[in-house]
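> The following block contains the structure, expressed as structure tokens.
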Amino acid sequence: MRILLVGSGGREHALAWKIRQSPLVEKLWIAPGNPGTAELGENVPIALTGLDALVSFARDQAADLVVVGPEGPLVAGLSDRLAAAGVRCFGPLQNAAEIEGSKSFCKELLVRYRIPTANYRVFSELNPAISYLEGGARYPLVVKASGLAAGKGVTVASEPAGARQAAKAMLEDGIFGAAGRTIVIEEYLQGAEVSAFILTDGRTFTQLELCQDHKTLLEGGRGPNTGGMGAISPVPQVSERTRDSIERQILLPTLHGLNHDGRRFHGILYAGLKLTPAGPKVLEFNARFGDPECEVLMLRMRSDLLPLLCAAAEGTLENQEAPEWDPRPAVTVVLASGGYPGNYATGHPIEGLDAVAQGRELQVFHCGTALRDGRLVTAGGRVLAVSALGDDLNSARRRAYSAVEQIRFPGMTYRRDIGAEAADALEALR
Ligand code: AMP
Ligand code: GLY
């Protein structure tokens, strides 16, 4: 098969690594890819915003399948354009991707189908938002840009001043541009966070393994939110029963709701959840794999991913077996540029990566890297995702962190507690 993978981050490097292992692959292109994906296939210099160029490339090269990693092109309608050009695409059509592209749409859908989520209000003007924040609102609460903001459009506020400031920055100062012209203000949900994924063709679905992202920049849940500083899978604190109720009360009714509304979803439907004392509740839905969750999932997936992607794209998932998973846990530690998620410098040389012995149990996925004069340099906020399997969570952590210690670049920042809370919870159960 001839595959075009769209994207350039750690998620796409992990997908390329996994797809490459399929005996069905004849040719793999990655647009635009990164120095990591260049080792696995052929990078094609087409930007994520170049929808026409992506469609022409896929058609001209007779690609059998286009796999779309990030949300941007999906929300912009890449899947629709590929369908119109007769090219199979793994990733939802625009009207279904709106579940990620518009938080206000997502919340409305959740409420209409009685899917548990935080109570909320939507505002597109500052004055009513401020009246609400200073009047009836209960604290802490969360102020969010409705549109896409790369996981950074969220402020948790414990009192009105902070909430007012966030609402003003989005609605009046336009810090997230059009994405923040509508805001969602919602109840703060207490509890552990988990990421749940289904792979679906719209009719049949298979739940993937649960993951836990570590969203904040600093250890112990402190500091600003990022795109994700590390992940683990599975999530040992989550019982089989909770996993079932996530499927029954959240994933299935959302898929049915989308179908019922004429927005048939195919691809990866990703629920960001809080396990509250009142049961799992939805923080957000996404229309793609999580990053860095994808890195731990690809390390743990034993089955060939490609037939599943094809079946989801063509509507034949019922003929596929559910994927098999490595029972061993996986951990991903993200190495970020100093200053991320705010401003950061790029172009710093990355040292030590050659010394890391990579294999089935340890992979360093590239997120934001570039080659300059043949040297690997930093090129993004999140730079590398060091990913390891282990016999238990602590050995996976040790393996990942000992690789981290071999890698250096100026300003390198990472959390030392990825998976630590889960490991403590396991210890407590013993
Ligand atoms: P979102 O983009 O909506 O997933 O928000 C990003 C992150 O902000 C989430 O992963 C949570 O860590 C945090 N967050 C968002 N909404 C809430 C909420 N209602 N209660 C608590 N934390 C939240
Ligand atoms: N890891 C969070 C996300 O992909 O949205």
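> For the range 57-84, name all the residues that are within 14 Å of the chain's Cα centre (by Cα) and of a type in the set (A, V, I, L, M, F, W, C).
VAL68, LEU74, listed by residue number.
To keep it simple, each residue is scored yes or no on (1) in a helix (DSSP H, G or I); (2) free of Cβ contacts under 8 Å to residues at least 24 places away in the same chain; (3) closer than 17 Å to ALA97 by Cα.
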residue: ARG248; (1), (2), (3): yes, yes, no
residue: ARG263; (1), (2), (3): no, no, yes
residue: LEU283; (1), (2), (3): no, no, yes
residue: MET298; (1), (2), (3): yes, no, no
residue: VAL331; (1), (2), (3): no, no, no
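> Here is a follow-up. Kindly indicate which of THR200, THR226 is within 13 Å of ligand 1 (Cβ to nearest atom), under 30 Å from ALA312 (Cβ atoms) and touching a strand residue (DSSP E or B) at 6+ places or on another chain (Cβ under 7 Å).
Numbers: THR200 fails: within 13 Å of ligand 1 (Cβ to nearest atom).
From the options THR200, THR226, the qualifying one is THR226.
> Looking at the range 406-430, which of the residues that are under 22 Å from the mean Cα position of the chain (by Cα) and in a helix (DSSP H, G or I) is nearest to GLN363 (Cα to Cα)?
ALA420
> Tell me the residue from LEU109, LEU148, LEU210, LEU133 that is touching a Lys or Arg at 6+ places or on another chain (Cβ under 8 Å), among the aliphatic types (A, V, I, L, M) and either under 30 Å from ARG302 (Cβ atoms) or in contact (Cβ under 8 Å) with a residue 60 or more places away in the chain (or both), please. Before you say what the answer is, go through the steps one by one.
Numbers: LEU109 fails: touching a Lys or Arg at 6+ places or on another chain (Cβ under 8 Å); LEU148 fails: touching a Lys or Arg at 6+ places or on another chain (Cβ under 8 Å); LEU133 fails: either under 30 Å from ARG302 (Cβ atoms) or in contact (Cβ under 8 Å) with a residue 60 or more places away in the chain (or both).
From the options LEU109, LEU148, LEU210, LEU133, the qualifying one is LEU210.
> Filtering the range 262-276 down to residues that are away from ligand 1 (no atom under 16 Å from the Cβ) and crowded, with 17+ Cβ neighbours inside 10 Å, which residue is farthest from THR204 (Cα to Cα)?
If we take residues in the range 262-276 being away from ligand 1 (no atom under 16 Å from the Cβ) and crowded, with 17+ Cβ neighbours inside 10 Å, then ARG263 is farthest from THR204 (Cα to Cα).
> Quick check on my filter: what residues within the range 170-200 are touching a His at 6+ places or on another chain (Cβ under 9 Å) and more than 16 Å from ligand 2 (Cβ to nearest atom)?
THR200
> Something else: For residues that are touching a residue at least 60 places away in the same chain (Cβ under 8 Å) and crowded, with 22+ Cβ neighbours inside 10 Å, tally how many sit in the range 341-363.
Residues that pass the stated criteria total 1.
> Is there any pair with a first residue in the range 405-417 that is among the polar types (S, T, N, Q) and a second that is assigned to a loop (DSSP other than H, G, I, E, B) whose Cβ atoms are under 6 Å apart and which are 6 or more apart or on different chains, and what are they?
Sorted first by the residue in the range 405-417, then by its partner, the pairs are GLN406/GLY352; GLN406/VAL356; THR413/GLY338.
> What are the residues in the range 306-316 that are closer than 14 Å to LEU208 by Cα and buried (at least 22 other Cβ atoms within 10 Å of the Cβ), if any?
LEU309, ALA312
> Still on this structure, please answer the following. Could you pull out the residue among ALA370, ALA357 that is over 22 Å from the mean Cα position of the chain (by Cα) and more than 19 Å from GLY230 (Cα to Cα)?
ALA357
> Moving on. Could you list all residues from the range 309-329 that are over 19 Å from the mean Cα position of the chain (by Cα), assigned to a helix (DSSP H, G or I) and in contact (Cβ under 8 Å) with a residue 24 or more places away in the chain?
Of all residues in the range 309-329, those over 19 Å from the mean Cα position of the chain (by Cα) come to 310-311, 313-328.
Checking the rest, the ones that are also assigned to a helix (DSSP H, G or I) come to 310-311, 313-314, 317-319.
Hits for the range 309-329 are CYS310, ALA311, ALA313, GLU314, LEU317, GLU318.
> Of the residues that make up the range 195-211, is at least one closer than 18 Å to VAL142 by Cβ and out of contact with any helix residue (DSSP H, G or I) (no Cβ under 7 Å at 6 or more places or on another chain)?
We begin by selecting, within the range 195-211, every residue closer than 18 Å to VAL142 by Cβ; these are 195.
The next check asks that each one be out of contact with any helix residue (DSSP H, G or I) (no Cβ under 7 Å at 6 or more places or on another chain); those that pass are none.
Looking for residues that are closer than 18 Å to VAL142 by Cβ and out of contact with any helix residue (DSSP H, G or I) (no Cβ under 7 Å at 6 or more places or on another chain), one finds none in the range 195-211, hence no.
> Among LEU217, LEU251, LEU255, which is within 16 Å of ligand 2 (Cβ to nearest atom) and out of contact with any Cys (no Cβ under 6 Å at 6 or more places or on another chain)? Before the answer, list the steps.
Numbers: LEU251 fails: within 16 Å of ligand 2 (Cβ to nearest atom); LEU255 fails: within 16 Å of ligand 2 (Cβ to nearest atom).
Only one candidate passes the filter, namely LEU217.
> With a cut-off of at least 1 residues that are within 13 Å of ligand 1 (Cβ to nearest atom) and over 23 Å from TYR270 (Cα atoms), name the helices (runs of 4 or more DSSP H) lying wholly within the range 101-195.
Working: elements: 103-112, 126-134, 160-171.
Qualifying helices (runs of 4 or more DSSP H): 160-171.
> For the condition among the acidic types (Asp, Glu) and modelled with pLDDT under 95, what is the one hit in GLU209, GLU240?
Exactly one of GLU209, GLU240 is among the acidic types (Asp, Glu) and modelled with pLDDT under 95, namely GLU240.
> Still on this structure, I have one more. Name the residue, out of GLY272, GLY290, GLY267, GLY279, that is among the small types (Gly, Ala, Ser), more than 16 Å from ligand 2 (Cβ to nearest atom) and closer than 28 Å to GLY147 by Cα.
On inspection, the qualifying residue turns out to be GLY279.
> Only one residue in GLY136, GLY180 is buried (at least 22 other Cβ atoms within 10 Å of the Cβ) and either within 30 Å of ASP60 (Cα to Cα) or modelled with pLDDT under 95 (or both). Which one? Spell out the reasoning first.
On the way: GLY136 fails: buried (at least 22 other Cβ atoms within 10 Å of the Cβ).
Only one candidate qualifies: GLY180.
> Now, a different point. With respect to VAL142, determine if the residue is closer than 21 Å to ASN225 by Cβ and touching an Asp or Glu at 6+ places or on another chain (Cβ under 6 Å).
yes
> Further question on the same structure: Looking only at the range 224-244, count how many residues are surrounded by 14 or more Cβ atoms within 10 Å (Cβ to Cβ), more than 16 Å from ligand 2 (Cβ to nearest atom) and outside any loop (DSSP other than H, G, I, E, B).
Selection size over the range 224-244: 2.
The values are calculated or read from the model by the stated rules, or taken from the named source; none is laboratory data. Predicted model, so just to flag it, every value in this text is computed and none were measured. For neighbour counting, all protein chains shown are included, and Cβ atoms are generated from backbone atoms with ideal geometry for every residue, glycine included.
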